[in-house]
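Here the structure is laid out as structure tokens; the discussion comes afterwards.
What follows draws every value from the coordinates through simple rules; no lab data is involved. All values reported here derive from a predicted model rather than from experimental measurement. Don't worry about glycine lacking a Cβ; one is built from the backbone with ideal geometry, like all the others, and counts go over all protein chains shown.
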Amino acid sequence: MKNEMQANARPRLFGTNGVRGIYGQELTHDIVIDLCYALGTYFGKGPIVVGYDGRKSSPVLSRLVRATLNSAGLDTANAGLLPTPCLQYAAKRLGYSGGIMVTASHNPPQYNGIKPAASDGVEISRGDELKVEEIYYSKKFAKINGTGRDSVDDNITNRYIDAVLALVNSDKIRQRKFTVAMDTGNGVQAIVAPLVCKKLGCKVIVINGNMDGEFCCGDLFGRQNWRALGQAPACRQAQRVGSRLPC
């Protein structure tokens with residue numbers, strides 16, 4: 001009973017999608033280190049694939065995540081800059097024990113987060129989040145013998161795109177010669193979504209495709225942004241208008 005009361009009194013680490021907060025304030029390096037030791041204990045073995053989004057703080061956090069897991073004895077693979085679905089695909093299909101995505105999704109640029117995925121490519125369950133939190137707060141971190149190694153896996157995005165294309169009738173889509181407009185919100189989907197459409201023979205019009213770490217236009221999924229996309233002069237010729245795709 002006492003342990004249950006203590007657990008209930010603790011602030012939750014995990015929110016809707018992973019652990020998020022303002023970088024350097026709510027999400028400090030110390031928090032990330034202990035969280036990754038807890039995740040290393042939860043995963044139990046590597047390799048763990050680690051990717052990150054286009055936020056300015058993401059490359060630093062990716063290095064910190066991988067170094068912490070390595071010091072706990074787990075091998076890691078640096079997937080680099082890529083959208084979350086690519087990371088989840090890699091965790092499920094490419095022989096990894098799990099994945100960690102450094103991202104805060106649609107939150108403002110000063111935020112960042114740690115989003116773990118299980119070996120099935122799906123975000124870890126709410127029950128497993130509680131297990132990770134228990135490890136985090138108890139500081140009962142497992143230490144695997146030796147130091148893990150960090151490698152580079154720079155072909156994940158290409159393999160993901162090939163897998164997506166295999167799910168559709170590419171020839172029929174190419175015959176239609178669509179013009180597709182999309183607003184990638186200056187997010188990391190700017191490197192994947194347009195390429196998928198181009199491989200399907202579409203003419204692609206991209207607005208807000210500059211990955212500068214500063215997302216634009218406020219509410220990414222608001223009605224105002226849909227209207228702005230449809231009314232953009234470059235997009236009026238499009239036969240299909242895409243959603244905003246920040247991450």
What pairs in Lys92/Lys177; Lys92/Lys203; Lys92/Lys198; Lys56/Lys203; Lys56/Lys115 have C-alpha atoms more than 23 Å from each other?
Lys92/Lys177; Lys92/Lys203; Lys92/Lys198; Lys56/Lys203
Residues meeting the amide H criterion for Asn186 (H placed from the backbone, H to H distance under 5 Å, 5 or more places apart or on another chain) are Gly209, Asn210
Other-chain or far-sequence residues with amide H under 5 Å of Gly80's (modelled H):
Tyr52
Using 0.36 nm times the number of residues separating Gln175 and Lys203, minus their current alpha carbon distance, what extension gain do you get?
8.9 nm
Calculate, for Arg159 and Lys131, the FRET efficiency according to 1/(1 + (r/R0)^6) with r their C-beta to C-beta distance and R0 35 Å; round to the nearest 0.05.
0.70
About the Cα centre of the stretch 2-159, what is the dipole size in debye to 20, counting +1 per Lys and Arg Cβ and -1 per Asp and Glu Cβ, all else neutral?
80 debye
Work out from phi, with θ = phi - 60° and the Karplus expression 6.51 cos²θ - 1.76 cosθ + 1.60, the ³J(HN,Hα) of each residue of the stretch 70-84, listed in order in whole Hz, and give x for Gly and Pro.
4, 5, 8, x, 9, 6, 10, 10, 7, 7, x, 7, 6, x, 4
Go ahead and run the numbers for FRET between Ile31 and Asp212, Cβ-Cβ distance against an R0 of 22 Å, rounding to 0.05.
0.25
Once Arg12 and Lys139 are pulled to full extension, the length gained, defined as 0.36 nm per residue separation minus their Cα-Cα distance, is 44.2 nm
A chain fully extended from Lys56 to Val168 at 0.36 nm per residue, minus the present Cα-Cα distance, gains in nm 36.9 nm
Taking H placed 1.01 Å from N in the peptide plane, check which residues at least 5 places from Thr103 or on another chain put their amide H under 5 Å from its amide H.
Gly113, Ile114, Lys115
Can you give the three extents of the C-alpha atoms in the stretch 2-159 along their principal axes, from longest to shortest, in whole Å?
50, 39, 24
